[in-house]
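*Asks:* Once you've had a glance at the structure underneath, I'll fire off some questions.
The values are calculated or read from the model by the stated rules, or taken from the named source; none is laboratory data. Just so we're clear, the structure is a prediction, and the values are computed from it rather than from any experiment. Don't worry about glycine lacking a Cβ; one is built from the backbone with ideal geometry, like all the others, and counts go over all protein chains shown. Heavy atoms of the whole protein, side chains included, go into the accessibility calculation; ligands, DNA and RNA do not. Shrake-Rupley method; radii C 1.70, N 1.55, O 1.52, S 1.80 Å.
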Amino acid sequence: MTTNNQEERRFDPRDTTLIFVNRPDDLDPMPPEEGDQGLRAEMSCGHAVTPESLTGWCRSLLDQGQCKFKCPALMDDTLEQCNEVWSYQEVRRLAVLTTEEMAYFEEKMARLAAVKYCEIKECPGCNTFVEREDLTDLSVVCTVCQEDDEDHYTFCWQCLKKWKGPMPRSDRCDNDGCVNLNLELLKNCKDTSLPQVQGVDKCPSIRACPTCGQRVEHDRTGCKNIICPRCQVEFCFVCLKLTRECLKTSSYFIPCRTVWLPDRPPSPCGTTTNRVQEHTQSLCRACACCVFSV
């Protein structure tokens, strides 16, 4: 068991299920204050934590959109992070979460998991959350509305209005204003520059992760590579190749030599499939075909 104090949460020294250690907190780079009597406990990965540091770190991960709790501590005598995944049950116990904090953590984790693993939206007819079966078809029949009405209630997954026009379709329905907002954002975003990367003085400010499609921005510091906050894959913000592929022909601080356009059908902008073109800073923003290269 652990005790939970509103002013400062601490481990219960009588808790025999925990492994207490006499060394600094691996999650807190600041040395303990003189006379500090706070206990440190060992996580399953072997790194020491306090309830406060563990709660703070895991809450920050949730705020960044991460639903997995990974240890950020450095391995002994290296600059590599541990990155071992802690279970929620372990975090809940060693962070000494309050009832309110547990409710917050669990709701946040459920929402993040739903966004990551499911295609879920709210039906405009009955406000029930539904999941799309065919990811290539924007016309969706709500089974709840169908039970209440003999007529099929079909709505557009993109504009969330009652479906209008022929179906199936993957681009839009015939309602006015039915556009792919994500694509519009990628097409029309402002340009930015990467001051510390040679030659990158004009690049779209918003990109789509080549692995999961998550929209990301660069903070304009450091090298040209970033880590997707959703899938945790590292890729080049300029050419959109995975970092290991980009570095075969360039380095972290020099321009990419080529831009790989994914294998997709011919598009309105004239892009052909499996085409490798010489790198230019003004990449295609014209169409859905190039959604991962805008």
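*Asks:* Which of the residues spanning the range 238-257 are surrounded by fewer than 19 Cβ atoms within 10 Å (Cβ to Cβ), in a loop (DSSP other than H, G, I, E, B) and of a type in the set (A, V, I, L, M, F, W, C)?
*Replies:* Scanning the range 238-257 gives Leu247, Phe253, Ile254.
*Asks:* Further question on the same structure: Of all the residues that make up the range 1-39, how many are at pLDDT 60 or above and either out of contact with any strand residue (DSSP E or B) (no Cβ under 7 Å at 6 or more places or on another chain) or in a loop (DSSP other than H, G, I, E, B) (or both)?
*Replies:* Residues meeting the conditions: 25.
*Asks:* Could you tell me whether the range 118-127 includes any residue that is touching a helix residue (DSSP H, G or I) at 6+ places or on another chain (Cβ under 9 Å) and polar (S, T, N, Q)?
*Replies:* First, the residues of the range 118-127 that are touching a helix residue (DSSP H, G or I) at 6+ places or on another chain (Cβ under 9 Å): 120, 123, 125-126.
From what's left, polar (S, T, N, Q): none.
Checked against the condition, which is being touching a helix residue (DSSP H, G or I) at 6+ places or on another chain (Cβ under 9 Å) and polar (S, T, N, Q), the range 118-127 yields no hits at all.
*Asks:* Right, Glu131: open to solvent by less than 80 Å² (accessible area, probe 1.4 Å), of a type outside the set (Phe, Trp, Tyr) and closer than 30 Å to Ile206 by Cβ or not? Give the steps one after another, and end with the answer.
*Replies:* Values: open to solvent by less than 80 Å² (accessible area, probe 1.4 Å): no; of a type outside the set (Phe, Trp, Tyr): yes; closer than 30 Å to Ile206 by Cβ: yes.
So Glu131 does not fit the description; no.
*Asks:* So for the range 102-118 (the condition being at pLDDT below 85, β-branched (Val, Ile, Thr) and touching a Lys or Arg at 6+ places or on another chain (Cβ under 9 Å)), does at least one residue qualify?
*Replies:* Among the residues of the range 102-118, at least one is at pLDDT below 85, β-branched (Val, Ile, Thr) and touching a Lys or Arg at 6+ places or on another chain (Cβ under 9 Å), which makes the answer yes.
*Asks:* So which residues in the range 168-184 are more than 30 Å from the chain's Cα centre (by Cα) and either surrounded by 15 or more Cβ atoms within 10 Å (Cβ to Cβ) or within 27 Å of Arg207 (Cα to Cα) (or both), if there are any at all?
*Replies:* Asn175, Asp176
*Asks:* Would you mind telling me which numbered condition in (1) in contact with a Ser or Thr (Cβ under 9 Å, 6 or more places away or on another chain); (2) assigned to a loop (DSSP other than H, G, I, E, B); (3) modelled with pLDDT of 90 or more Phe235 fails?
*Replies:* Phe235 satisfies every listed condition except (2).
*Asks:* While we're on this one: How many residues does the range 185-211 contain that are open to solvent by 20 Å² or more (accessible area, probe 1.4 Å), of a type outside the set (Asp, Glu) and touching a residue at least 40 places away in the same chain (Cβ under 8 Å)?
*Replies:* Result for the range 185-211: 7.
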